[in-house]
Amino acid sequence: MPSHRRTALRALAGASLLALGAALSPAAQAQAFPSKTIKFVVPFGPGSGTDTSARYFARKLQDLTGQAVVVENKPGANGFLAVKQVLAAPADGYTVFIGSNSTLAVNAALFKELPYDPVKDLSPLTMMMRAPAMLVVPPNAPYGDLKGLLAYARANPGKVNFGAGSAGYQLMGELLNDKAGLQTVHVPFKSAGETMTAVASGTVDYAFAEVTAVLELAKGGRLKILAVANDKRVANAPDVPTMGEAGLPGYEAYSWVGAMVSAKTPAAETAKLAELFTTISRMDETRAFYERLGATPMTGGPAQMHEFQKAEIALWKRIVQQAKVPLQ
């Protein structure tokens, strides 16, 4: 074989190896991400606020990437089962935890020992949404507004009770006690639905719940909404005053949803997912979707979510200690 042909073939082989090496390099693999089905793991059942957010973002992420996105509901054990599944999966970015204030903040305040560390074991992608709680009372309650409820509770220390369908809403009730100087009794329920039934029947004196859990009941006259725990009124209930307008400035309480991956996930994949999630959160369609639910999309990225999560954990730890809530 002529020497010039051998030289050309060696050059061609070398170029092919370089191209193959580039294709297999971490940078090239990261650029190709995602290239297969992504799974969202949700710690609550279908129809919950967290599940609703997960399914919306799943559709949008599928549109952006061309890859299938499936949602798997893994309820039970205070979210422990879902977190365990995410942490046991390969840390490659293809398993995403869609968590809430309860699994990502409240649990850290309420449990003596957690089988996971919500800050160290998980890396934030972005906040997805925040929904203010609404304060509701029975339709025949002896008070017609927030000031009346607060006055009644102060006049009857230890005799007024509030219902809560989750640990998060329990702590919202304890936060009200802290802000308003009340002594009320927590009555636990298994879900928001059970709590609203108890309020409607007068079994409990009041409760906090997410907007979507109370609006239809209030429209049907089964509940009375006293205030929304937000800094401004919500679009789908414009006649409901904020807690500040109703007589308790500074009281805000939210349920929220955020996306996380295992902290062992490579930085490139984590960054790519964070970029995609943030893009979805900033869409006009996303804002309209959440406004219909009385919620607000959160458009910050990983750093903002990290700081928000740490602040939430600190707040609820303080409330647990101050209210002497027994640790679980």
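Rule-based calculations on the coordinates, nothing more; no lab input. Note that the coordinates shown come from a computational prediction; the quantities given were computed from them, not determined experimentally. Counting neighbours? That spans all protein chains shown, and the Cβs are built from the backbone with ideal geometry, glycine included.
Listing for the model above:
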{"read-out": "Cα gyration tensor, region 132-246 - rounded (a/c under 1.5), prolate or oblate", "value": "rounded"}
{"read-out": "Extension gain (nm, one decimal) between residue 239 and residue 291, 0.36 nm per residue minus Cα-Cα", "value": "17.2 nm"}
{"read-out": "Projected label distance in nm at residue 154 and residue 231, using a 7 Å step from Cα toward the beta-carbon", "value": "2.7 nm"}
{"read-out": "Spin-label zone in region 304-328 - amide nitrogen under 16 Å from a point set 7 Å from the Cα of residue 113 along the C-beta vector", "value": "327-328"}
{"read-out": "Gaussian network model of the chain, springs between alpha carbon atoms under 10 Å - residue of 64, 215, 146 with greatest fluctuation", "value": "64"}
{"read-out": "Calculated Cα Rg over 2.2 N^0.38 Å (choose from (1) 1.22; (2) 0.93; (3) 1.50), label", "value": "(1)"}
{"read-out": "Residue (of 303, 315, 53) at the positive-pole extreme of the chain, dipole from beta-carbon charges", "value": "303"}
{"read-out": "Sites excluded, trypsin sites (Lys or Arg not before Pro) in DSSP loops with at most 14 other C-beta within 10 Å, longest stretch of the chain", "value": "37-111"}
